[in-house]
1. Contour minus end-to-end for SER19 and VAL57, with contour as 0.36 nm per residue of separation and end-to-end as the Cα-Cα distance?
2. Rounded to the nearest 0.05, what FRET efficiency is calculated for ASP7 and ASP138 with R0 set to 41 Å and r the Cβ-Cβ distance?
3. Given a 10 angstrom Cα cut-off, can you work out which residue in ASP44, ASP64, ASP94 is the most mobile in a GNM of the chain?
4. Explain nothing, just compute: Karplus ³J(HN,Hα) = 6.51 cos²θ - 1.76 cosθ + 1.60, θ = phi - 60°, for every residue of segment 126-139 in order, whole Hz, x for Gly and Pro.
5. Specify which labelled value, from (i) -0.83, -1.08; (ii) -0.82, -0.97; (iii) -0.92, -1.10, agrees with log10 I(q)/I(0) by the Debye sum over Cα atoms at q = 0.15, 0.17 Å⁻¹ derived from the coordinates of the model shown.
6. Using Cα springs under 10 Å in a Gaussian network model of the chain, which residue among ALA109, ALA96, ALA148 shows the largest mean-square fluctuation?
7. Report the gain in length on full extension from ALA87 to ARG118: 0.36 nm times residue separation, minus Cα-Cα distance, nm rounded to one decimal.
8. Once you order the gyration tensor axes a ≥ b ≥ c over the Cα atoms, which shape class does segment 1-52 get: rounded for a/c under 1.5, otherwise prolate or oblate by comparing a/b with b/c?
Amino acid sequence: MSAPPVDRLGRPLRNLRLSVTDRCNLRCSYCMPEEEYVWLPREDILTFEEAVYLVDVFADLGVDKVRLTGGEPLLRHGLEHLVAQIAANSRLRDLAMTTNGILLAERAAALRTAGLHRVTVSLDTLRPERFRALTRRDALARTSSALAQSRTPPPVAAPRN
């Protein structure tokens, strides 16, 4: 592994943000237009193989933290498989994801099992009426439910002999 690239101030660049989709299930007024938005054709989205290859190239350059983003990464079909492939890279110290949390309750356990270390939930407000106004969707309860479920600590694995 070579020394990581540096920014203009000489700081090492060790973090990679990898967008896995342009799709989103919200229409936040500050980043997404109404329904007429034209999505990228599926063939223009990185395949899992391409994403894993890019992570490997950046790991060769000294990157040791990867954050999966989007759009909304939980909309990417088979995301757990991509997480497992990226997590298999022994040079990575951290594998995280940023999500709006709407689909998190259904996928959190599988993502943890696949090797995801951390999740950041991007949430602008806890006030339902403001959430609806900002996102043009009524989905705060689903995000809140996922956050409440995450307060339960994961089961402790039995030590291996």
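1. Fully extending the segment from SER19 to VAL57 adds 12.1 nm.
2. Values: r = 41 Å, r/R0 = 1.00.
With R0 = 41 Å, the Cβ-Cβ based efficiency is 0.50.
3. Result for the chain, Cα springs under 10 Å: ASP44 fluctuates most.
4. Along segment 126-139, the couplings run 9, 8, x, 5, 6, 4, 4, 5, 6, 9, 6, 9, 10, 10 Hz.
5. Answer label, from the structure shown: (iii).
6. Largest GNM mean-square fluctuation: ALA148.
7. Residue separation times 0.36 nm, minus the Cα-Cα distance, leaves 10.0 nm.
8. Oblate.
Just so you know, all these numbers are worked out from the coordinates, no wet-lab data involved. Note that this is a predicted model, so its numbers are computed, not measured. Counting neighbours? That spans all protein chains shown, and the Cβs are built from the backbone with ideal geometry, glycine included.
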